[in-house]
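The values are calculated or read from the model by the stated rules, or taken from the named source; none is laboratory data. These numbers come from a predicted model, not from an experiment. Cβ atoms come from the backbone with ideal geometry, glycine included; neighbour counts cover every protein chain shown. In case anyone asks, the SASA skips ligands and DNA or RNA and just uses the protein heavy atoms, side chains included. Shrake-Rupley method; radii C 1.70, N 1.55, O 1.52, S 1.80 Å.
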Amino acid sequence: MLRNTGQIGPGNVSRFAQEKYNFFPVLESAAIAPEQPTSIGPILDPEKIDEPLAGYSETTHSNVFGPHTSLDSETSIPALPQGFNDRYLYPSLCKNEHMRLTMLWYYTRGLQEDAELLQKLSQILEMVKQFLGGWEIGIIGIVEAETFSRIVTTNMSLAMIPRRESPCSHTINQHPGTVFTVRDMLEDWRFKFSPPAEYGGLRSYAGTQVLLTRHDGETVNFGSLCLASRSVQAPLDDSQKRSLIRAANMVSGELVSRCRLRRLKERQVMMDVLNRLRSDVHRGNIEASTIEALAQQYPDSEVSIVHLRNNEFDLPTAIKVTFESVEGGFWEDDAFVKSKIEAARCSYEPCDRPVRAVIGQITPNDQLLIVSTYNIRYIFDDLDVWFTEQAASIIHDVQQARYLKEALAAKERFLSSIRHELRTPIHGILSSVELLGDELRARNLLTGVTSQQEAPLDSFLKTIRSSGTELMTTVNNILRLNAISGHSLDTSAVDSVYDLRCIEADLLDETLGNYSEEALMGLSIRFESSLAGSTIVGIDWEMVKEILKALLFNSIAATQVGSIIVTTTSTTTDNLLTFDVTDTGLGIAERDHDRIFVAFEKLQEYSKGAGLGLSLASLMASALKGKLNLVSSQEGVGSRFRLEIPYVEVDTAARPTMPVRHATRKTRYIPHTFHVMKGPSKNLHLLSHLEEYLKSCGLEKSDVAEGSLIILSEPNPLTGYDDCPIHLLENPHPVFIVKSAPTNDRLRACLLDALKPHHISILTGPFFAARLDDILAEADEAIAKHERPDPTPQPLIHSPDAQPRSNSNASTDTNSCEATPPPTPIVELERLVISTPAPPTPKPIKVLLVDDNNVNLSVLQFFCKKRKFEFGSAVNGNQAVDLFRSMIKRQTFTLILMDLQMPECDGISATKQIRALEQQECLPRSIIFMITGQDSVADRKASFEAGVDEFFCKPVSMKRLSQAISQWFPEAAVS
């Protein structure tokens with residue numbers, strides 16, 4: 001319907017504008033379906049109403065119907081068969097009655113409520129009546145198992161009559177595509193006393209089948225399109241017959257089209273249901289949600305999930321079904337349906353047992369999702385099978401994810417426990433060895449060999465320490481590989497605030513402690529940076545640190561003598577951090593470049609380690625949405641690795657997560673210039689590093705040796721320093737001798753004699769900024785013992801505008817020293833780490849030790865005794881809280897060393913309770929160190945949220961623990 005609602009606007013003079021119309025399409029009024037009958041009637045032959053129809057018999061059919069042609073179902077009326085005693089000819093079931101009814105119920109589902117379809121069928125029937133003329137009655141009907149339903153009629157009421165009483169029930173048994181004609185019922189022995197003729201007054205009848213042809217060529221008859229008259233009509237000619245057949249085919253086409261359209265709409269609804277299920281997979285019980293969703297889609301069916309046992313499963317009402325009887329996801333109780341059809345008991349009421357079911361397998365859990373119907377007229381199709389299988393697949397996916405989550409949780413609990421069980425005893429071993437070394441060193445028993453010894457005790461301790469460290473590294477790598485391969489790597493807490501100036505101290509503090517000093521003596525490690533923006537960024541530093549540690553371990557293993565340079569750069573355009581780790585080590589052959597990131601691959605079969613370091617580093621880089629590559633490598637030249645990760649910009653006012661190293665010591669006697677006397681040395685990389693460091697401190701390189709800090713390389717193995725120009729210097733000078741090998745007592749004595757009266761410091765690797773800070777400061781202290789005090793100390797970091805010191809004082813000091821020559825000091829410098837600036841207020845140390853492992857608790861107690869710390873001990877969190885509470889009115893604990901995983905009450909819960917007590921009682925805040933075998937991001941995050949100040953993963957060295965205590969208690973006597 002078109003509605004003209006346009007209006008002509010003012011000022012429009014154009015004729016076309018005046019004729020302009022707005023188009024507003026309006027839907028026609030919805031068709032109203034005629035009320036369809038719901039009960040059988042009228043019943044004109046009540047005596048036979050409960051008697052089922054006979055089955056189809058070809059012999060019987062040929063006896064009561066004449067031969068057919070291409071258009072006519074019969075050409076003549078056969079004679080009355082002998083023994084025929086019925087009042088009229090009763091119809092029989094069709095030869096394919098089971099298939100016919102199944103397809104009929106499928107294609108005509110909802111027909112009675114489909115007003116639009118009924119309207120189209122009515123139009124077809126009206127067209128037929130007008131074309132054929134003379135026939136006052138027209139009927140389109142469907143033949144059910146027990147009834148004939150007039151769904152569209154002209155000049156006759158809609159009705160649902162017994163199948164036995166309708167001539168259309170004979171039409172569906174005729175040859176397909178023919179017209180069954182009864183010219184005069186009163187002259188035909190078969191219909192003379194039939195209810196339509198006897199009670200309805202019908203005389204003439206002409207009808208054809210409403211049929212469907214299956215994919216295998218078999219025809220299935222649904223019902224008929226027929227004409228009837230209460231007067232005798234002339235037979236239809238061939239043209240009229242063909243028109244009637246075409247009209248019947250149009251009815252079939254409409255039924256199929258409407259069914260397909262209905263299924264398309266239902267498919268969309270099904271897809272919406274599946275999408276909702278997929279979106280709700282993490283909410284509640286997916287099995288219950290799926291059953292509820294399918295029950296809404298199939299309101300007259302029963303939805304269930306059953307187990308498949310011994311290839312059998314149970315349907316509702318305890319019907320046992322074998323899985324072999326399920327074909328393509330569909331099951332039907334054929335015998336039961338056949339018995340119902342033969343007994344003409346296919347009523348609209350539900351059966352007392354499931355008749356059909358669609359089944360989706362929830363693999364591989366031996367579960368089945370079943371939608372079963374009790375309605376014999378409800379037919380499932382492949383769309384129902386697809387829908388059920390998709391729902392089963394969703395359940396399967398969620399169940400698998402649930403099982404995987406449970407398995408990963410169990411695995412994580414196991415790994416968490418095994419981490420603790422492995423790291424705790426190793427921590428006890430390494431800590432005990434470290435404390436034993438301190439004790440033996442204090443008694444001067446580590447070095448030297450007695451008559452009963454074949455090697456110094458120190459060598460045995462180093463062997464134990466290095467073996468334990470190597471074991472711990474392997475354990476950590478295997479545990480980390482399990483975490484990553486199990487997708488349990490936690491990358492949720494990535495944006496911690498970190499100051500990139502702390503990289504050197506943080507990395508080397510945890511890396512170099514894994515090696516003996518002898519193994520690193522020829523190594524130079526330099527950190528350089530070229531940052532485009534702020535040094536404070538948001539990154540997951542703990543994971544980045546693990547990646548960089550793996551690269552450093554790899555470079556150190558390849559570079560026993562040489563240099564390693566770690567370069568940090570950043571870009572502000574794409575917020576990308578780049579870390580380059582370059583070494584001058586062994587290098588990697590080009591054929592092996594593709595192997596280095598493969599787990600358990602080692603370039604040298606018998607090299608140390610499990611071959612997991614670089615593989616894990618690459619996986620962790622990917623987890624951070626970054627990448628790790630080998631930029632270049634050449635055998636005998638070295639390698640260069642590059643790590644690229646995104647970072648988050650943070651407020652520049654944010655503070656770093658770790659204190660930045662500052663050089664705060666004062667120098668008094670180190671000159672402002674240095675002079676290098678190079679000899680036949682392999683250690684040019686160490687000399688170069690030392691030169692660059694001194695320049696960064698403000699010292700200038702000088703060509704004049706007199707009055708400068710003298711840098712010497714290793715002595716000539718044949719001539720020593722006999723030919724060295726250092727002997728030409730008049731006054732004692734500070735001298736740094738750079739070596740890459742340990743100095744034994746004999747060599748020390750030779751150097752003492754050869755370089756008198758200079759102040760000698762022997763420098764061995766590894767060289768890095770913090771170590772060189774200490775070397776310079778300790779050398780200054782050693783010189784100060786033999787010089788007069790200088791009332792104006794100078795900073796270690798010289799300012800560019802500082803004025804050079806006068807040499808007059810130095811000369812005077814030197815002369816006095818020459819008058820009474822003191823013994824020449826030789827300073828062996830160990831690896832030192834600069835601590836953070838001291839807080840302004842000193843804090844007394846009273847320690848609460850909390851650990852459920854007796855060995856670790858004993859180690860910590862011995863640690864406190866050696867350092868003369870007052871301490872208390874507890875073996876679980878509850879004891880720790882009780883002990884802390886008992887000390888409130890006395891001197892409270894200032895430092896708590898807390899284990900995380902403990903029985904009864906863990907370290908996190910205990911920390912929360914202690915912090916709450918501090919707030920309640922207005923106590924000064926104690927410092928809490930979490931020392932644990934757990935290294936997950938979640939544990940670390942939970943610890944800091946609970947109020948922990950430092951987090952250490954076992955094994956932690958006593959030296960590192962001492963350094964951390966020094967940061968919080970700088971004026972305490974921490975050895």
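Cβ-Cβ under 7 Å, sequence separation 6+ or interchain: first residue in the range 59-80 and touching a residue at least 40 places away in the same chain (Cβ under 8 Å), partner open to solvent by 80 Å² or more (accessible area, probe 1.4 Å) and part of a loop (DSSP other than H, G, I, E, B). Which pairs?
Sorted first by the residue in the range 59-80, then by its partner, the pairs are HIS68/HIS175; THR69/THR75; SER73/HIS175; GLU74/PRO67; GLU74/HIS68.
If you go through the range 538-576, how many residues are charged (D, E, K, R) and open to solvent by 20 Å² or more (accessible area, probe 1.4 Å)? I'd like the intermediate steps shown before the answer.
From the range 538-576, those charged (D, E, K, R) are 540, 542, 545-546, 549, 574; that's our starting set.
Pick out the ones that are also open to solvent by 20 Å² or more (accessible area, probe 1.4 Å) and you get 542, 546, 549, 574.
Going through the range 538-576 one residue at a time, the tally reaches 4.
Are any residues in the range 532-542 touching a Ser or Thr at 6+ places or on another chain (Cβ under 7 Å) and in a helix (DSSP H, G or I), and if so, which ones?
Once the filter is applied, which keeps residues that are touching a Ser or Thr at 6+ places or on another chain (Cβ under 7 Å) and in a helix (DSSP H, G or I), the range 532-542 yields only TRP541.
Please give the number of the condition GLU412 fails out of (1) surrounded by 14 or more Cβ atoms within 10 Å (Cβ to Cβ); (2) under 30 Å from ILE291 (Cα atoms); (3) at pLDDT below 75; (4) not aromatic (Phe, Trp, Tyr).
The failed condition is (2).
Residues being among the polar types (S, T, N, Q) and either assigned to a loop (DSSP other than H, G, I, E, B) or within 19 Å of VAL948 (Cβ to Cβ) (or both): count how many of those fall in the range 845-865. Lay out the reasoning, then the answer.
We begin by selecting, within the range 845-865, every residue among the polar types (S, T, N, Q); these are 853-854, 856, 858, 861.
So of that shortlist, the ones also either assigned to a loop (DSSP other than H, G, I, E, B) or within 19 Å of VAL948 (Cβ to Cβ) (or both) come out as 853, 856.
Going through the range 845-865 one residue at a time, the tally reaches 2.
Only one residue in SER761, SER808, SER799 is at pLDDT 60 or above and either among the polar types (S, T, N, Q) or open to solvent by 20 Å² or more (accessible area, probe 1.4 Å) (or both), so which one is that?
On the way: SER808 fails: at pLDDT 60 or above; SER799 fails: at pLDDT 60 or above.
After applying the criteria, what remains is SER761.
How many residues are outside any strand (DSSP E or B) and open to solvent by 50 Å² or more (accessible area, probe 1.4 Å) when one looks only at the range 312-324? I'd like the intermediate steps shown before the answer.
Initially, the range 312-324 is screened for residues outside any strand (DSSP E or B), giving 316-318, 323-324.
Filter once more, so that each one left must be open to solvent by 50 Å² or more (accessible area, probe 1.4 Å): 317-318, 323-324.
Total meeting the criteria: 4.
In the range 52-96, which residues are farther than 22 Å from LYS338 by Cβ and touching a helix residue (DSSP H, G or I) at 6+ places or on another chain (Cβ under 7 Å)? Talk me through it step by step, then tell me what you get.
Here is the first cut: in the range 52-96, the residues farther than 22 Å from LYS338 by Cβ are 62-89.
Those that are farther than 22 Å from LYS338 by Cβ and touching a helix residue (DSSP H, G or I) at 6+ places or on another chain (Cβ under 7 Å): LEU71, PRO78, PRO81, LEU89.
Check ILE927 against each of (1) touching a strand residue (DSSP E or B) at 6+ places or on another chain (Cβ under 6 Å); (2) open to solvent by 50 Å² or more (accessible area, probe 1.4 Å) and name the one condition it does not meet.
Looking at each condition in turn, ILE927 falls short on (2).
With the condition kept exactly as written, say whether any residue in the range 519-527 is more than 35 Å from the chain's Cα centre (by Cα), surrounded by fewer than 18 Cβ atoms within 10 Å (Cβ to Cβ) and assigned to a helix (DSSP H, G or I).
Yes, the conditions are met somewhere in the range 519-527.
Quick check on this structure: which one of LEU211, LEU202 is among the hydrophobic types (A, V, I, L, M, F, W, C), open to solvent by 10 Å² or more (accessible area, probe 1.4 Å) and in a loop (DSSP other than H, G, I, E, B)? Give the steps one after another, and end with the answer.
Values: LEU211 fails: in a loop (DSSP other than H, G, I, E, B).
After ruling out the rest, the residue left standing is LEU202.
Got a sec? Which of ILE888, ILE908, ILE914 is over 22 Å from ARG413 (Cβ atoms) and modelled with pLDDT of 90 or more?
Values: ILE888 fails: modelled with pLDDT of 90 or more; ILE908 fails: over 22 Å from ARG413 (Cβ atoms).
After applying the criteria, what remains is ILE914.
Of the numbered conditions (1) open to solvent by 50 Å² or more (accessible area, probe 1.4 Å); (2) under 26 Å from LEU211 (Cβ atoms), SER252 fails exactly one; give the number of that condition.
Checking SER252 against (1) open to solvent by 50 Å² or more (accessible area, probe 1.4 Å); (2) under 26 Å from LEU211 (Cβ atoms), the one that fails is (1).
Give all pairs with beta carbons closer than 9 Å in which a residue from the range 251-263 that is closer than 14 Å to MET103 by Cβ meets a residue that is among the basic types (Lys, Arg) and open to solvent by 50 Å² or more (accessible area, probe 1.4 Å); count only pairs at least 6 apart in sequence or on separate chains.
CYS259/ARG109
Take the residues in the range 98-126 that are under 49 Å from the mean Cα position of the chain (by Cα) and under 20 Å from THR219 (Cβ atoms), then tell me which one is most open to solvent (accessible area, probe 1.4 Å).
In this case the residue turns out to be TYR107.
In the range 903-934, what residues are at positive phi and not acidic (Asp, Glu)?
Going residue by residue through the range 903-934, those that are at positive phi are 904, 922.
CYS922 - this is the single residue of the range 903-934 that is at positive phi and not acidic (Asp, Glu).
Being touching a residue at least 60 places away in the same chain (Cβ under 8 Å) and open to solvent by 10 Å² or more (accessible area, probe 1.4 Å) is the filter here, so list the residues in the range 346-378 that pass it.
Hits for the range 346-378 are SER347, GLN367, TYR374, ASN375, ARG377, TYR378.
Test ILE49 against the stated conditions and say whether it is over 59 Å from the mean Cα position of the chain (by Cα), open to solvent by 60 Å² or more (accessible area, probe 1.4 Å) and modelled with pLDDT of 50 or more. I'd like the intermediate steps shown before the answer.
Values: over 59 Å from the mean Cα position of the chain (by Cα): yes; open to solvent by 60 Å² or more (accessible area, probe 1.4 Å): yes; modelled with pLDDT of 50 or more: yes.
It is true that ILE49 is over 59 Å from the mean Cα position of the chain (by Cα), open to solvent by 60 Å² or more (accessible area, probe 1.4 Å) and modelled with pLDDT of 50 or more.
Can you spot a residue in the range 237-246 that is closer than 20 Å to LEU121 by Cα and without any contact (Cβ under 8 Å) to a residue 24 or more places away in the chain?
Of the residues in the range 237-246, the ones closer than 20 Å to LEU121 by Cα are 240-246.
Subsequent filtering for residues that are without any contact (Cβ under 8 Å) to a residue 24 or more places away in the chain retains 246.
Among the residues of the range 237-246, at least one is closer than 20 Å to LEU121 by Cα and without any contact (Cβ under 8 Å) to a residue 24 or more places away in the chain, which makes the answer yes.
I'm trying to understand the selection: among the residues of the range 932-946, which are at pLDDT 90 or above and touching a Phe, Trp or Tyr at 6+ places or on another chain (Cβ under 6 Å)?
SER943
So, in the range 871-892, exactly how many residues are more than 43 Å from the chain's Cα centre (by Cα), within 24 Å of LEU435 (Cα to Cα) and open to solvent by less than 50 Å² (accessible area, probe 1.4 Å)?
1
Does LYS868 satisfy the condition of being part of a helix (DSSP H, G or I) and either crowded, with 19+ Cβ neighbours inside 10 Å or at pLDDT below 90 (or both)?
Numbers: part of a helix (DSSP H, G or I): no; either crowded, with 19+ Cβ neighbours inside 10 Å or at pLDDT below 90 (or both): yes.
So LYS868 fails the test.
Under the condition of being part of a helix (DSSP H, G or I) and open to solvent by 70 Å² or more (accessible area, probe 1.4 Å), which residue from the range 272-286 is farthest from GLY177 (Cα to Cα)? Outline the logic, then answer.
Of all residues in the range 272-286, those part of a helix (DSSP H, G or I) come to 272-279, 286.
The next check asks that each one be open to solvent by 70 Å² or more (accessible area, probe 1.4 Å); those that pass are 275-276, 278-279.
On the way: ASN275: 45, ARG276: 47, ARG278: 49, SER279: 51 Å.
Applying the filter and picking the extreme gives SER279.
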